[in-house]
Amino acid sequence: LFPLAVRGSEGLYMVNGPPSFTESTAFQRDSGKNCKAVAFSKDGSLFAWCNGEKVNVVNITRAELLRSFDLPKTVCLEFSPKNNVLATWQAYATAKDGTAGVPNLQLHDLRTGKCLKSFIQKKMQNWCPCWADDESICARNVNNEVHFFENNNFNTIANKLHLQKVSDFVLSPGAQPTKVAVYVPGSKGAPSFVRLYQYPNFGGPQSALANKSFFKADKVTMLWNKKATAVLVIASTEVDKTGASYYGEQTLHYLAANGESALVQLPKNGPIYDVAWNPNSVEFCAVYGFMPAKATVFNLKCDPVFDFGTGPRNAAYYSPHGHILVLAGFGNLRGQMEVWDVKNYKLVSKPVASDSTYFAWCPDGEHIVTATCAPRLRVSNGYKIWHYTGSVLHSYEVPSDEEMWQVFWQPFLDGVFPEKAVKYQAVPSELPSAEPRPAQAYRPPALRNKPVTSSKLHEDEPPQNMKPQLGGGDKPLSKTALKNQRKHEAKKAAKQEAKADTNQGPAQVKTTQNALQNAVPAMTTGDPEVDKKIKNLKKKLKAIEQLKEQAAAGKQLEKNQVEKIQKEAALLKELEDLELGV
């Protein structure tokens, strides 16, 4: 069983995951409507929540109350990685006379229940201290310095990393030695930069493991891979000065602990919606470009490994084992998901989770939860549990007068669940599949009784292993190569036309119409009606020839164009019959 915690106006409770989907007895429902903050410990054994009166900590495995703290205004909670410390944060308030307020960030010893240390932490952003996975180091950003504490002794600052205006930092995951990625925003014409250090070697720029500087950054997101060998940096500006994007401008940079750094070249212009490391730490997926967005997997040399083409997507989620990748379009998109087998780059399923505001993999790497939560959407709140093959195994919608604010899986440590082979056959489910009815496009009254013509604003580019192959090669042609190929074909056609013209004699004027007729020597039957038919058939065959050339050059054809090509044999037969009757 993989329990889910659910928080909303119906209270806070836990639901057993697949296969039972019943309410969990390991946690007694808290029916209060004021539950503001919840947190699981990293191993999933402890659970803490604030119900507007107290902060309670329970041991889920033993179903017992472990600690209770009198902190009714707590809005953020977090456990240290080994469950020794619980950090709580309340909104900071100054005293009525304008003097400094009381410390609002508390660190509690979970073994004794005592408060280890209190700090003043005014901003909610990055409120929580960061621990190394073994808790040997804990770090906080204080007035543009990073302060380090060792072995949860918060009375002594063991080390400081001082750079001009450090605005953000991230500790590396995994075992010692711990590495630190720090971001310093640019000022007065100087570039912003991200540097990697190994704790505790902070002696100036020479001691940095890697350094990457860049302009165009108002904020950055730094993502370590699981093995702590590299960091991806998404740098973004609030405003795109070219006016091309409402979302500002983004660039993606790569820094490795061995000193290498690079700008990741993205083949399509536009926003970077999401970047995710594969848990294997040797490749990452980026979703980027103006809609329909492109998605590409890159290796550690920042070279593209696989291109998923374009589609309605803005997020990428690797399974905990890294064997499956979900590309999805949530938020202002319609909730279409593509589930890919990463090893073979094969599409497993294409489920649709309409109006979803949240997505998460279950720690078993087999199941997924999607949810519609308030305040992002205040109607049709609820959640669905899926198998990655596309089957909906469980669905819950809250009553219309209630809201759901949060839903999330109980975590488990890595290695608890073994990786299973990827299935392609949808697993059986008692619930109907969630295929939404395709929305009909609006048609003005004047066109309603006429045949529907397919018109798309843009052509979706297929994944690289589904593109028609050119010249038998495995590699898709680059834009320049395609351009050159088309030029070459056009020249060839022009030469043939010129030859045909000289054969016809200089008296004939070369026109576009003549070029079409000259492709096949003109014939007359004496019957103008038959001549007209032959001329029309040749015209159609010429158009089919052009369509075949476009398909060979990698263009995706419309349905009616494909049907045209299929009629070629019948048209040739008809032409032959007409000409034989000459």
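The values are calculated or read from the model by the stated rules, or taken from the named source; none is laboratory data. As the structure is a prediction and not an experimental result, all values here were calculated from the model. Glycine also receives a Cβ, built like all others from the backbone with ideal geometry; neighbour counts cover every protein chain displayed. The area values use the complete protein model at the heavy-atom level, side chains included, leaving out ligands, DNA and RNA. Shrake-Rupley method; radii C 1.70, N 1.55, O 1.52, S 1.80 Å.
Residues that are in contact with a His (Cβ under 9 Å, 6 or more places away or on another chain), surrounded by 19 or more Cβ atoms within 10 Å (Cβ to Cβ) and either farther than 15 Å from Phe169 by Cβ or at pLDDT below 90 (or both) within segment 205-237 comprise Lys212, Val220, Leu232, Ile234, Ala235, listed in sequence order. Of all residues in segment 392-416, those satisfying the criterion of being touching a residue at least 12 places away in the same chain (Cβ under 8 Å) and acidic (Asp, Glu) are Glu397, Glu402, Glu403, Asp414. Within the option set Lys165, Lys219, being of a type in the set (Lys, Arg) and more than 27 Å from the chain's Cα centre (by Cα) holds for one residue only, Lys165.
Scoring Arg378 on the criteria (1) modelled with pLDDT under 85; (2) among the basic types (Lys, Arg); (3) outside any loop (DSSP other than H, G, I, E, B) leaves a single failure, condition (3). Do we have any residue at all in segment 78-87 that's within 16 Å of Gln121 (Cα to Cα), at pLDDT 85 or above, open to solvent by 30 Å² or more (accessible area, probe 1.4 Å) and in contact with a strand residue (DSSP E or B) (Cβ under 7 Å, 6 or more places away or on another chain)? Yes, the conditions are met somewhere in segment 78-87. The numbered conditions (1) under 25 Å from Gly174 (Cα atoms); (2) open to solvent by 20 Å² or more (accessible area, probe 1.4 Å); (3) in contact with a Phe, Trp or Tyr (Cβ under 8 Å, 6 or more places away or on another chain) are all true for Thr357 except (1).
Selection over segment 289-307 of residues that are among the aliphatic types (A, V, I, L, M), open to solvent by 20 Å² or more (accessible area, probe 1.4 Å) and closer than 18 Å to Thr251 by Cβ gives a count of 0. Restricted to segment 1-85, the set of strands (runs of 3 or more DSSP E) holding at least 3 residues that are in contact with a Cys (Cβ under 9 Å, 6 or more places away or on another chain) and more than 30 Å from Leu431 (Cα to Cα) comprises 37-40, 74-79. Within segment 387-415, the residues that satisfy the criterion of being over 30 Å from Gly322 (Cα atoms) and assigned to a loop (DSSP other than H, G, I, E, B) are Val398, Pro399, Ser400, Asp401, Glu402, Glu403. Only one of the listed residues (Lys384, Lys343, Lys423) is in a loop (DSSP other than H, G, I, E, B), open to solvent by 50 Å² or more (accessible area, probe 1.4 Å), among the basic types (Lys, Arg) and at pLDDT 85 or above. That residue is Lys343.
Checking Leu413, Leu457 one by one, the residue that is modelled with pLDDT of 80 or more, open to solvent by 50 Å² or more (accessible area, probe 1.4 Å) and either more than 30 Å from Lys33 (Cα to Cα) or not basic (Lys, Arg) (or both) is Leu413 and no other.
Between a first residue in segment 129-150 that is free of Cβ contacts under 8 Å to residues at least 12 places away in the same chain and on the phi > 0 side of the Ramachandran plot and a second residue that is open to solvent by 20 Å² or more (accessible area, probe 1.4 Å) and part of a loop (DSSP other than H, G, I, E, B), which pairs have beta carbons less than 9 Å apart while being 6 or more apart in sequence or on different chains? Every condition considered, no pair remains. I want to confirm something. Restricting to segment 22-41 and keeping residues that are within 32 Å of the chain's Cα centre (by Cα) and open to solvent by less than 40 Å² (accessible area, probe 1.4 Å), which single residue is nearest to Trp386 (Cα to Cα)? Once the filter is applied, the top-ranked residue is Ser24. When Met337 is tested against (1) in contact with a Ser or Thr (Cβ under 7 Å, 6 or more places away or on another chain); (2) open to solvent by less than 30 Å² (accessible area, probe 1.4 Å), only condition (1) is not met. Could you check segment 534-563 and list, in sequence order, the residues that are part of a helix (DSSP H, G or I), in contact (Cβ under 8 Å) with a residue 24 or more places away in the chain and not hydrophobic (A, V, I, L, M, F, W, C)? Hits for segment 534-563 are Lys538, Lys540, Lys542, Glu549, Lys559, Asn560.
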